[in-house]
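Report on the following structure.
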Amino acid sequence: MKKKVYFKTFGCRTNLFDSQVMMQNLQDFEVTENEDEADVVVVNSCTVTNGADTTVRSYVNHVEKSIGAKVFLTGCGAHTKGENLFENKKVFGVFGQSEKKRINTLLKENIPFYELGDLNFVDDAVVEEFIGKSRAFIKIQEGCNFRCNYCIIPYVRGDARSLDEKRILEQVYRLATNGFGEFILTGTNVGSYGTGEGTNIARLMKKMSQIRGVRRIRVGSLEPIQVNDEFKEILDEPWLERHLHVALQHTSPAMLKFMNRRNRYESDLKLFDMLADKGFALGTDFIVGHPGESEALWREGIQNIKRLPLTHVHAFTYSKRDGTPSASMKEEVNGAVAKERLHELTSIIDEKNLEFRKAFKGELDVLIESQKEDGLYYGLDQHFNKVIVESDEDLSGNWVTCKDYTVKDEYNYAQI
Ligand code: SF4
């Protein structure tokens, strides 16, 4: 009887890809999606905030108390919290992302181990499928050369480096052959793909679009400076999603300096206006409550947000991350005030999203991702907006075109 392994994946899409690679490299074990029957639990951790660390720790405690399975820790948290969890015998083994393809051997170890491996390894894994997914996450890059003051990622994912182009195209070819039509490019700083290697993300996407079966390409996230002239050349391509996520993190010039961000508000505004004129839905990242965010700078930030043609936002309240420059900055923002500001920001963007969906008069090109207990189908359209579809047909994993639909507060609704 093969031992059963359950994967608990925290954090970003890059971790989703890494977990898929680990699942695929298990020969002498069986992957289970049922946590309770697991003999082994692999925790693919995130450490982007102190909160993320706490979540991982409480999950490890939960496994210890209620499942009793052997626990192995990997992911970014292995580099920050791994040693402590290992020394306290909370986990049997700790391994870095560079060791993930050896998982079949590592899980058979009888002696507890702590092996972080090489922080600057270049991934060469190719996956055949994405268990439980209708969209494929393609890791093209790893690490980051930016040094935003609040961020620990460059210290746990290493410097920016790109995966081999041939490998990536082979990856897409295999998944497209296996029926995947939508591909999400992922990495730590995706837009820095090809830096120092005489290529870039726009060239890669053009090559991907030539592969039979590739219908829609999404980019996980871009930095404003990465939307360069070559990227602007692909903006009208039919295979490029009509939504872009361009990370700003703040819109007050003074706050961008405190955060050591490379983007600048005035050029961000010009860029977003240009993209919106081309019909793109636009998302961004925003950290509320970073040290130094006085009431005056917050008001300035909100005024500037209102001028931006945004439709989506990943907004978080600042969370101190030990080991980052921001962690020792004074003028901290009160937690309750930060929460209020977060709510103020997300309400503005929700309103802008609704206006965008009401103003759009075209058809929705939807990839159905799941069917919920209520029997309705859930998917995302070309603008990365949620669409709920009612139908008697089985639409799971299908592409559907919605001509007639109703714009609801948080989603679009269609009957097919
Ligand atoms: S760009 Fe900034 S926020 Fe993003 S991973 Fe790099 S250092 Fe962190």
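List of remarks:
- Within region 134-177, being open to solvent by less than 50 Å² (accessible area, probe 1.4 Å) and polar (S, T, N, Q) holds for Ser134, Gln141, Asn149, Ser162, Gln171.
- Flag if Thr186 is under 17 Å from Arg218 (Cβ atoms) and in the same structural domain as Leu235 (by TED's automatic domain parsing): yes
- Taken over region 149-190, residues that are among the charged types (D, E, K, R) and closer than 24 Å to Thr324 by Cα amount to 3.
- Scanning region 139-182 for residues that are within 29 Å of Met259 (Cα to Cα) and aliphatic (A, V, I, L, M) gives Ile140, Ile152, Ile153, Val156, Ala160, Leu163.
- Condition met for Lys133 (within 27 Å of Ile184 (Cβ to Cβ) and either within 16 Å of the ligand (Cβ to nearest atom) or under 20 Å from the mean Cα position of the chain (by Cα) (or both)): yes
- Of all residues in region 282-321, those being under 23 Å from Arg147 (Cα atoms), open to solvent by 10 Å² or more (accessible area, probe 1.4 Å) and either outside the structural domain of Ala336 (by TED's automatic domain parsing) or under 25 Å from the mean Cα position of the chain (by Cα) (or both) number 10.
- Top-ranked residue in region 183-201 [being over 19 Å from the mean Cα position of the chain (by Cα) and among the small types (Gly, Ala, Ser); ranked as most open to solvent (accessible area, probe 1.4 Å)]: Gly196
- Phe286 within 16 Å of the ligand (Cβ to nearest atom), more than 29 Å from Glu182 (Cα to Cα) and not charged (D, E, K, R): no
- Selection within region 175-191 - among the polar types (S, T, N, Q) and within 16 Å of the ligand (Cβ to nearest atom): Thr186, Thr188, Asn189
- Listed by first and then second residue, the pairs with beta-carbon distance under 6 Å, at least 6 apart or on different chains, first residue in region 351-374 and without any contact (Cβ under 8 Å) to a residue 40 or more places away in the chain, second surrounded by fewer than 13 Cβ atoms within 10 Å (Cβ to Cβ), are Gln371/Ser396.
- Tabulated pairs, region 67-83, first assigned to a loop (DSSP other than H, G, I, E, B), second at pLDDT below 95 and of a type outside the set (A, V, I, L, M), C-beta under 6 angstrom, 6+ apart or interchain: Cys76/Cys46; Cys76/Thr47; Lys81/Asp53
- Extreme residue, farthest from Arg135 (Cα to Cα), among residues of region 212-226 that are more than 16 Å from the ligand (Cβ to nearest atom) and assigned to a loop (DSSP other than H, G, I, E, B): Arg212
- Any hit, region 79-87, residues being over 26 Å from Glu33 (Cα atoms), open to solvent by 20 Å² or more (accessible area, probe 1.4 Å), touching a strand residue (DSSP E or B) at 6+ places or on another chain (Cβ under 8 Å) and within 16 Å of the ligand (Cβ to nearest atom): no
- Condition met for Thr188 (more than 30 Å from Gly68 (Cβ to Cβ) and at pLDDT 90 or above): yes
- Selection status of Arg161, within 14 Å of the ligand (Cβ to nearest atom) and either among the aliphatic types (A, V, I, L, M) or touching a Cys at 6+ places or on another chain (Cβ under 7 Å) (or both): no
- There is no residue in region 261-275 that is loosely packed, with under 14 Cβ neighbours inside 10 Å and within 24 Å of Gln171 (Cβ to Cβ).
- Taking region 230-260 as the range and being acidic (Asp, Glu) and open to solvent by less than 50 Å² (accessible area, probe 1.4 Å) as the test, the residues that pass are Glu230, Glu241.
The values are calculated or read from the model by the stated rules, or taken from the named source; none is laboratory data. What you see is a predicted model; the values in this text were computed from it and never measured. Note that we place each Cβ from the backbone using ideal geometry, even for glycine, and neighbour counts take in every protein chain shown. These accessible areas exclude ligands, DNA and RNA; they are computed on the full protein's heavy atoms, side chains included. Shrake-Rupley method; radii C 1.70, N 1.55, O 1.52, S 1.80 Å.
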